[in-house]
1. What do you reckon, is residue 157 closer than 20 Å to residue 112 by Cα and crowded, with 19+ Cβ neighbours inside 10 Å?
2. Can we say residue 176 is outside any strand (DSSP E or B), within 18 Å of residue 109 (Cα to Cα) and not β-branched (Val, Ile, Thr)?
3. Considering each residue of the stretch 183-211, count those that are open to solvent by less than 60 Å² (accessible area, probe 1.4 Å) and out of contact with any Ser or Thr (no Cβ under 6 Å at 6 or more places or on another chain), and give that number.
4. Out of (1) at pLDDT 85 or above; (2) in a loop (DSSP other than H, G, I, E, B); (3) out of contact with any Asp or Glu (no Cβ under 6 Å at 6 or more places or on another chain); (4) closer than 29 Å to residue 103 by Cα, what's the single condition that is false for residue 150?
5. Can you give me the number of residues within the stretch 179-205 that are part of a strand (DSSP E or B) and touching a residue at least 40 places away in the same chain (Cβ under 8 Å)?
6. Can you tell which of 104, 34 is open to solvent by 40 Å² or more (accessible area, probe 1.4 Å), modelled with pLDDT of 80 or more, in a helix (DSSP H, G or I) and β-branched (Val, Ile, Thr)?
7. Kindly indicate whether residue 141 is over 16 Å from the mean Cα position of the chain (by Cα), open to solvent by less than 60 Å² (accessible area, probe 1.4 Å) and over 17 Å from residue 99 (Cα atoms).
8. Looking for whichever is in contact with a helix residue (DSSP H, G or I) (Cβ under 6 Å, 6 or more places away or on another chain), open to solvent by 30 Å² or more (accessible area, probe 1.4 Å) and within 28 Å of residue 118 (Cα to Cα) here; the options are 3, 48, 11, 63. Which one fits?
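The values are calculated or read from the model by the stated rules, or taken from the named source; none is laboratory data. Predicted model only: the values in this text are computed from it and were never measured. We place every Cβ from the backbone using ideal geometry, glycine too, and count neighbours over all the protein chains shown. All accessible areas refer to the heavy atoms of the entire protein, side chains included, with ligands and DNA or RNA removed. Shrake-Rupley method; radii C 1.70, N 1.55, O 1.52, S 1.80 Å.
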Amino acid sequence: MSLFSDNIRALRVRDKISQEKLAEHLQITRGRYVKYEDGTSEAPYDILKKIAYHFHISIDLLLSVDVRKIDVQDLINLENNRLILPIQVDQNGNDSIEIVTEKVKAGYLTGYSDPEYIESLQQISLPFLGSGKHRGFPVEGDSMPPHEDGSIIVGRYVEHIGEVQDGRTYILITKNQGMVYKRLNKNKKNALVLESDNRFYPNYEVKFSEILEIWEYQCNIGRTDSKQPVTEMESLKEILLELKREVQDLKFRG
């Protein structure tokens, strides 16, 4: 027996469907399906994909998570039939926001689709954010002022690349770059251009195929009340305002 065998049996029983009927949906014989359910034969990828689509559950969950221990009905359906996380709500029915702290950040790239990992994260509730799935991610470095190192960016999950709006900021989870917070633009075919608000850092591209998740900026949870340094533009503005005041004083005296 295997976890996969236990899972497909549990899902079939949950849906009150016979082995024969399920085999018919999968376009295979009942005898072939029975071997998968009793663990005497391993299902090839094409059958794994059909089973995943039939039960609306991802292949990785079918193979690695005991679905009897989680409420499959409370999983979020995303594009490509991928289910990434359980929906967590507080006693008032508000969305619970998982916080990916620096301590657990390293494990996110492998744990983002594992319900047990997601459930282990710290949680908060911010009812004012409204609908959608939200999650908090740590900020690193000084590439995106005024957000400082150690702050938490709370983002709303973006289901489709087409939802990305040029010039807005997003948390990206990528295969090679890991977790980054940047301003995005879609002016490249099959790729996003990532820009830092700190012009010291050059722009770069990330291909669509490299992107695992996108979270649109919703709010910032800061840890400091330090005063931001005055920029050249702000200094120029102050000079112009001072000149304006002096001109007004001269007119008044005259």
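1. Working: closer than 20 Å to residue 112 by Cα: yes; crowded, with 19+ Cβ neighbours inside 10 Å: no.
Considered against the rule, which asks whether it is closer than 20 Å to residue 112 by Cα and crowded, with 19+ Cβ neighbours inside 10 Å, residue 157 comes out as no.
2. yes
3. Filtering the stretch 183-211 down to residues open to solvent by less than 60 Å² (accessible area, probe 1.4 Å) leaves 184-185, 191-198, 206, 210-211.
Remaining after also requiring out of contact with any Ser or Thr (no Cβ under 6 Å at 6 or more places or on another chain): 184-185, 191-195, 197.
Selection size over the stretch 183-211: 8.
4. (1)
5. Count: 2.
6. Answer to the selection: 104.
7. yes
8. 63
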